[in-house]
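Structure, as structure tokens:
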Amino acid sequence: MKTGIVLEGGAMRGLFTAGVLDVLMERGVKFDGLVGVSAGACFGCNYKSGQIGRVIRYNKRYARDPRYCSWKSLLTTGDLFGAEFCYRTLPMELDVFDAKAFEANPMEFHIVATDCATGKSVYKRLDKADERAFDWIRASASMPLVSRPVAIDGGLYLDGGLSDGIPLRYFESLGYERNVVVTTRPRGYRKFPKRRMCFLKPLLQRYPAIYEALKSRHVWYNKTLEYIDGRVAAGKAVLIAPDEPLQISRVCHDPAVMQRVYDIGRKAGENAELTFS
């Protein structure tokens, strides 16, 4: 019986997830597989490499570095979160990602991205921590309008949260029968239709499938939450979620706010009961 952990995105709300994951690593909790979306992919890869504390460390250290995340980066590179800095300089030079540990860990690592041509989910299992893997992780976390689509193998990809933000069904389809689901929205949260979609349409005219994915996102997202609730009630999944809104914007430059959200995640991890029926 395979056990998995499913990580939602949410940009800087993902620091909640980082807190949860660090506690689970400290306790030696093992999973057969992990699937992450957006920030869940960016931060979740550290679970496979076993690098406790790395996420909160580098986020706080580079919180105000314009190469990491800034309007200057958006205007000069087309990416709010600087692609070269975040996915090359940072993990390969400044706060080195442990590629050897990642590749030695038998836990499967999967990410979700969205195909710009179809608006559909693309799922990738990453076994090596090479440049191509970091491209897929970047694609999973590339928010529309503030990121360039990521070109990989002839396709263009954006944020996995546009098409499958909490991929529990996907993991179950792979045989993961018992799953821990970490969300960055509180229990009981439901998404409403996005306002002023008409203003977004001309901005996404090159990618009509992405526009349609944004337009209908609330429908499948709420159905996914209902499905998760059912799996929890059936004893097939455990949900770890904040008790209330995290009060952090998608972009944050304040290390104190980052630490607060991370600490909320640690507390949730400490209180979690990882038992299945």
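Quick rundown of the values:
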quantity: Members of segment 262-277 that are among the β-branched types (Val, Ile, Thr) and either open to solvent by less than 60 Å² (accessible area, probe 1.4 Å) or modelled with pLDDT of 95 or more (or both); calculated: Ile264
quantity: Boolean, Thr224 is buried (at least 17 other Cβ atoms within 10 Å of the Cβ), assigned to a loop (DSSP other than H, G, I, E, B), at pLDDT 95 or above and hydroxyl-bearing (Ser, Thr, Tyr); calculated: no
quantity: One residue from Gly165, Gly119, Gly175, Gly160 being in contact (Cβ under 8 Å) with a residue 24 or more places away in the chain, of a type in the set (Gly, Ala, Ser) and loosely packed, with under 14 Cβ neighbours inside 10 Å; calculated: Gly175
quantity: Filter pass, Arg27 being under 17 Å from the mean Cα position of the chain (by Cα), farther than 25 Å from Leu145 by Cβ and modelled with pLDDT of 95 or more; calculated: no
quantity: Single unsatisfied condition, Gly154 versus (1) modelled with pLDDT of 95 or more; (2) on the phi < 0 side of the Ramachandran plot; calculated: (2)
quantity: In segment 63-86, the residues that are in a loop (DSSP other than H, G, I, E, B) and touching a Leu at 6+ places or on another chain (Cβ under 6 Å); calculated: Leu80
quantity: Filter result for Gly19 (open to solvent by less than 20 Å² (accessible area, probe 1.4 Å) and closer than 19 Å to Leu168 by Cβ); calculated: no
quantity: Cβ-Cβ under 6 Å pairs, at least 6 apart or on other chains, segment 47-58 side part of a helix (DSSP H, G or I) and at pLDDT 95 or above, far side charged (D, E, K, R) and crowded, with 17+ Cβ neighbours inside 10 Å; calculated: Ser49/Asp98
quantity: Flag if Lys236 is basic (Lys, Arg), modelled with pLDDT of 95 or more, in contact with a Phe, Trp or Tyr (Cβ under 9 Å, 6 or more places away or on another chain) and farther than 21 Å from Ile56 by Cα; calculated: yes
quantity: Of the criteria (1) closer than 16 Å to Phe102 by Cβ; (2) not in a helix (DSSP H, G or I), which one Gly28 fails; calculated: (1)
quantity: Val122 vs. criteria under 28 Å from Lys201 (Cβ atoms), assigned to a strand (DSSP E or B) and among the hydrophobic types (A, V, I, L, M, F, W, C); calculated: yes
quantity: Restricting segment 122-132 to residues that are closer than 23 Å to Glu93 by Cα and in contact with an Asp or Glu (Cβ under 8 Å, 6 or more places away or on another chain), the residue that is surrounded by the fewest Cβ atoms within 10 Å (Cβ to Cβ); calculated: Lys128
quantity: Within segment 114-132, tally of residues that are among the small types (Gly, Ala, Ser) and out of contact with any helix residue (DSSP H, G or I) (no Cβ under 8 Å at 6 or more places or on another chain); calculated: 0
quantity: Residue match in segment 188-197 (condition: assigned to a helix (DSSP H, G or I) and either free of Cβ contacts under 8 Å to residues at least 40 places away in the same chain or under 26 Å from Leu145 (Cβ atoms) (or both)); calculated: yes
quantity: All positions within segment 107-121 that are in contact with an Asp or Glu (Cβ under 7 Å, 6 or more places away or on another chain) and not acidic (Asp, Glu); calculated: Met107, Val112, Thr114, Gly119, Ser121
quantity: Every residue from segment 138-165 that is hydrophobic (A, V, I, L, M, F, W, C) and touching a strand residue (DSSP E or B) at 6+ places or on another chain (Cβ under 6 Å); calculated: Ala139, Met143, Val150, Leu158, Leu162
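The values are calculated or read from the model by the stated rules, or taken from the named source; none is laboratory data. Quick caveat, the model's predicted, so the values are computed rather than measured. Reconstructed Cβ throughout: ideal geometry from the backbone, glycine too, with neighbour counts over all protein chains shown. Accessible surface areas use protein heavy atoms only, side chains included; no ligands, DNA or RNA. Shrake-Rupley method; radii C 1.70, N 1.55, O 1.52, S 1.80 Å.
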